[in-house]
Amino acid sequence: MQNIAILGATGSIGASTIDVVLRHPDRFRVVALSAHSQTDKVVELASRLEPLYVALTGASEARAVRTALAERGLRTEVLEGSAGLEQIARAPEVDSVMSAIVGAAGLPPTLAAARAGKKILLANKESLVLAGGLLMAEVAAHAATLLPIDSEHNAVFQCMPVQGCHVGAASGVRRVLLTASGGPFRNTPVQELANVTPDQACAHPNWNMGRKISVDSATMMNKGLEVIEAHWLFDAPPDCIDVVIHPQSVIHSMVEYVDGSVLAQMGTPDMRTPIACALAWPQRIDAGVSMLDLAAKGTLTFERPDFERFPCLGLAYMALRAGGTAPAILNAANEVAVAAFLHGDVGFTGIYATVAETLERVPHEAADCLETVFAADRSARETARTVLAARCA
Ligand code: NAD
Ligand code: MG
C-alpha cells in the first residue's frame, strides 16, 4: 500500500490523481490533501477519502473545514498555512507526495518532501524553475525520488536509458526534444493577439488544464518553463533541449541518442497517463485513459517554433542561460502578468512585455539559498506590478 499526500488536491492535476488512485484501492491510499480556498470541495474530498490530514492556506478556511468535518464525525486533522503544507509533505505516514500546487507556493512543501526523502511526483514545475539547483541537491542528499508528472518530462523520463536519466556521453543521450501543441493561437494573425480574451486563451485545443497553465500554453511561456524544468531534471545544457511544434499532442516528447535513434512516447493526451506511470513506477497500471487510435489521427505534423509569435519562449531560454535567480524572476513576473491578464487588466501581448521589462530591471544573482530565490521572487513581483501599473495608466 502506497500512502499518498496530494498537495493541490482541488486542482486539475489533483482531480486526475484522485481518479487514478481510486481505480486502485488495493495499491494506493490518500492520507493527506491540501487546498487553497475551495472549502466545500475540500470537505467533499475529505468525506470521500477520509485522509489523516487536510491542509488549508488560510486560518478561516481551516476553521470552516474543521467544523464541517467534525460535524460529519471525521477525525481528520486540519492544518493551516505553509507550516501545515510542509507538515503533510514530510509526515511519517506519507510515502509519496504529489506536488500539484500551482505557482511558487509549491516550492517550500516540495523541498520539505525532498528533505524527508519522499517519493515526489512533481507536477509543480515552478519548483524547478525557481530553485532547480537547490531542489535537485536536496533530492540527492536525502535519497528522495523525483518523478516528473509534466507530460513532456514524463515522456522524456520514459524514453531515457535505465543506466542514467540524463543527457551526456555516459547515457548516450544527445538531445531532448520537447513537443508543444502551439496552443490556441498557433495560426492567429499576430496583429490580432493583442485583443484575444482570457477565455480564448484558456481554450486549449488538446488539454484541459487550470487557467494559469492554459494561458502559459497560449503564450508558450509554459514550454519555456518546461525547457528550464528539463535542464534540471535531465542535466541537459540549454543547447541540448529543443522545442518542436506538434499540434496533435500525440507524441508527448522525444529523446535523441548519439547513434541517431529518436525515441518518442505517445498516447492520448490525458494527464492520468503520466500520473499513473509515476504512481506505479516501475510497474504499469490502468489509468482509465482511452486507447490511442493512430489510424483515426491520420497525420502527425511538426513545425519549428516561431520565436516572433511566441517571444516568451525565447525569454525563458535567455533566463536559463543567464542562470542564478533569472528564471525565478521570469516566473514571478509571468505569474503576476498572467493574473493581470486573466483579471482583464492587461492585454495578451502585455504578458511578454511585462516579463521582458521585469527581467531587464531586476538584477539577478546566484541562486545559492532559498532566501535569495524568494527575495528575487518578491522583487520581481513588485517590479512587474509597477510595470503593469505604468502600462495600464
Ligand atoms: P489548478 O489551478 O487546477 O490547481 C491548483 C491547486 O493548487 C489547487 O488545488 C489550489 O487549491 C492550489 N493552490 C493554488 N494556489 C495556492 C497557494 N497559494 N497555496 C497553496 N495552494 C494553492 O492547477 P493545475 O492545472 O492542476 O496545475 C498544478 C501544477 O501542475 C502547476 O504547477 C502546473 O504547471 C502543473 N501542471 C499541470 C498540468 C495540467 O494538465 N493541469 C500539466 C502539467 C503540469
Ligand atoms: Mg507540459
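The values are calculated or read from the model by the stated rules, or taken from the named source; none is laboratory data. All values reported here derive from a predicted model rather than from experimental measurement. Counting neighbours? That spans all protein chains shown, and the Cβs are built from the backbone with ideal geometry, glycine included. All accessible areas refer to the heavy atoms of the entire protein, side chains included, with ligands and DNA or RNA removed. Shrake-Rupley method; radii C 1.70, N 1.55, O 1.52, S 1.80 Å.
Answer yes if at least one residue in the range 104-117 is open to solvent by 30 Å² or more (accessible area, probe 1.4 Å) and either within 16 Å of ligand 1 (Cβ to nearest atom) or under 14 Å from the mean Cα position of the chain (by Cα) (or both), and no otherwise.
Yes, the conditions are met somewhere in the range 104-117.
Within the range 209-223, can one find any residue that is part of a loop (DSSP other than H, G, I, E, B), crowded, with 23+ Cβ neighbours inside 10 Å and in contact with a helix residue (DSSP H, G or I) (Cβ under 7 Å, 6 or more places away or on another chain)? Before you say what the answer is, go through the steps one by one.
Going residue by residue through the range 209-223, those that are part of a loop (DSSP other than H, G, I, E, B) are 209-210, 220.
If we keep only those that are crowded, with 23+ Cβ neighbours inside 10 Å as well, we get 220.
With in contact with a helix residue (DSSP H, G or I) (Cβ under 7 Å, 6 or more places away or on another chain) added as a condition, the list becomes 220.
Yes, there is a match, as at least one residue in the range 209-223 is part of a loop (DSSP other than H, G, I, E, B), crowded, with 23+ Cβ neighbours inside 10 Å and in contact with a helix residue (DSSP H, G or I) (Cβ under 7 Å, 6 or more places away or on another chain).
Regarding His153, is this residue within 30 Å of Asp368 (Cβ to Cβ), exposed (fewer than 15 other Cβ atoms within 10 Å of the Cβ) and touching a helix residue (DSSP H, G or I) at 6+ places or on another chain (Cβ under 6 Å)? Full working, then the answer.
Working: within 30 Å of Asp368 (Cβ to Cβ): yes; exposed (fewer than 15 other Cβ atoms within 10 Å of the Cβ): no; touching a helix residue (DSSP H, G or I) at 6+ places or on another chain (Cβ under 6 Å): yes.
Considered against the rule, which asks whether it is within 30 Å of Asp368 (Cβ to Cβ), exposed (fewer than 15 other Cβ atoms within 10 Å of the Cβ) and touching a helix residue (DSSP H, G or I) at 6+ places or on another chain (Cβ under 6 Å), His153 comes out as no.
What about Asp235, is it under 19 Å from Tyr317 (Cβ atoms), open to solvent by 10 Å² or more (accessible area, probe 1.4 Å), touching a residue at least 60 places away in the same chain (Cβ under 8 Å) and assigned to a strand (DSSP E or B)? Give the derivation first.
Details: under 19 Å from Tyr317 (Cβ atoms): yes; open to solvent by 10 Å² or more (accessible area, probe 1.4 Å): yes; touching a residue at least 60 places away in the same chain (Cβ under 8 Å): yes; assigned to a strand (DSSP E or B): no.
Against the criterion (under 19 Å from Tyr317 (Cβ atoms), open to solvent by 10 Å² or more (accessible area, probe 1.4 Å), touching a residue at least 60 places away in the same chain (Cβ under 8 Å) and assigned to a strand (DSSP E or B)), Asp235 does not qualify.
Among the residues of the range 248-267, are any among the aliphatic types (A, V, I, L, M) and under 30 Å from Glu192 (Cα atoms)? Break it down stepwise before answering.
Step one: list which residues in the range 248-267 are among the aliphatic types (A, V, I, L, M), which gives 250-251, 254-255, 258, 262-264, 266.
Among the residues that remain, those that are also under 30 Å from Glu192 (Cα atoms) are: 250-251.
Looking through the range 248-267, at least one residue is among the aliphatic types (A, V, I, L, M) and under 30 Å from Glu192 (Cα atoms).
Being hydrophobic (A, V, I, L, M, F, W, C) and open to solvent by 10 Å² or more (accessible area, probe 1.4 Å) is the filter here, so list the residues in the range 78-103 that pass it. Spell out the reasoning first.
At the first step, the residues of the range 78-103 found to be hydrophobic (A, V, I, L, M, F, W, C) are 78-79, 83, 85, 88-89, 91, 94, 97-98, 100-102.
Correct list: Val78, Leu79, Ala83, Leu85, Ala100, Ile101, Val102.
Restricting to the range 184-225, count the residues that are free of Cβ contacts under 8 Å to residues at least 60 places away in the same chain and away from ligand 1 (no atom under 13 Å from the Cβ).
Total meeting the criteria: 11.
Could you tell me how many of the residues in the range 1-57 are away from ligand 1 (no atom under 13 Å from the Cβ), open to solvent by less than 10 Å² (accessible area, probe 1.4 Å) and of a type in the set (Ser, Thr, Tyr)?
The qualifying residues number 0.
Examine the range 132-144 for a residue that is open to solvent by less than 30 Å² (accessible area, probe 1.4 Å), in a loop (DSSP other than H, G, I, E, B), hydrophobic (A, V, I, L, M, F, W, C) and free of Cβ contacts under 8 Å to residues at least 60 places away in the same chain, and state whether such a residue exists.
Yes - at least one qualifying residue is present in the range 132-144.
So, in the range 250-273, of the ones that are open to solvent by less than 10 Å² (accessible area, probe 1.4 Å) and in contact (Cβ under 8 Å) with a residue 60 or more places away in the chain, which residue ends up farthest from Pro205 (Cα to Cα)? Talk me through it step by step, then tell me what you get.
Taking the range 250-273 and keeping what is open to solvent by less than 10 Å² (accessible area, probe 1.4 Å), we get 250, 253, 255.
Keeping just the survivors that are in contact (Cβ under 8 Å) with a residue 60 or more places away in the chain gives 253, 255.
On the way: Ser253: 18, Val255: 25 Å.
So, considering only residues that are open to solvent by less than 10 Å² (accessible area, probe 1.4 Å) and in contact (Cβ under 8 Å) with a residue 60 or more places away in the chain, the one farthest from Pro205 (Cα to Cα) is Val255.
Just one of the numbered conditions (1) at negative phi; (2) touching a residue at least 12 places away in the same chain (Cβ under 8 Å); (3) assigned to a loop (DSSP other than H, G, I, E, B) is not true of Leu147; which one?
In the conditions (1) at negative phi; (2) touching a residue at least 12 places away in the same chain (Cβ under 8 Å); (3) assigned to a loop (DSSP other than H, G, I, E, B), Leu147 misses (3) alone.
Of the numbered conditions (1) touching a residue at least 60 places away in the same chain (Cβ under 8 Å); (2) open to solvent by 40 Å² or more (accessible area, probe 1.4 Å); (3) among the hydrophobic types (A, V, I, L, M, F, W, C), Ile228 fails exactly one; give the number of that condition.
Just one mismatch for Ile228, condition (2).
I need the full set of residues from the range 281-305 which are within 20 Å of Ala5 (Cα to Cα) and touching a His at 6+ places or on another chain (Cβ under 8 Å), in order please.
Answer for the range 281-305, where residues must be within 20 Å of Ala5 (Cα to Cα) and touching a His at 6+ places or on another chain (Cβ under 8 Å): just Ile285.
Taking the condition of being charged (D, E, K, R), in a helix (DSSP H, G or I) and touching a helix residue (DSSP H, G or I) at 6+ places or on another chain (Cβ under 6 Å), how many residues in the range 71-126 meet it? Before you say what the answer is, go through the steps one by one.
Step one: filter the range 71-126 for residues charged (D, E, K, R), giving 71-72, 75, 77, 80, 86, 90, 93, 95, 115, 118-119, 125-126.
Within this subset, residues satisfying the condition of being in a helix (DSSP H, G or I) are 71, 86, 90, 115, 126.
From what's left, touching a helix residue (DSSP H, G or I) at 6+ places or on another chain (Cβ under 6 Å): 86, 90, 115, 126.
The total comes to 4.
Name the residue, out of Ala316, Ala366, Ala339, Ala322, that is of a type in the set (Gly, Ala, Ser) and open to solvent by less than 20 Å² (accessible area, probe 1.4 Å). Show your work before the answer.
Working: Ala366 fails: open to solvent by less than 20 Å² (accessible area, probe 1.4 Å); Ala339 fails: open to solvent by less than 20 Å² (accessible area, probe 1.4 Å); Ala322 fails: open to solvent by less than 20 Å² (accessible area, probe 1.4 Å).
Just a single option satisfies the conditions, and that option is Ala316.
Residues of the range 1-43 being of a type in the set (Ser, Thr, Tyr) and assigned to a strand (DSSP E or B), which ones?
Of everything in the range 1-43, just one residue is of a type in the set (Ser, Thr, Tyr) and assigned to a strand (DSSP E or B), namely Ser34.
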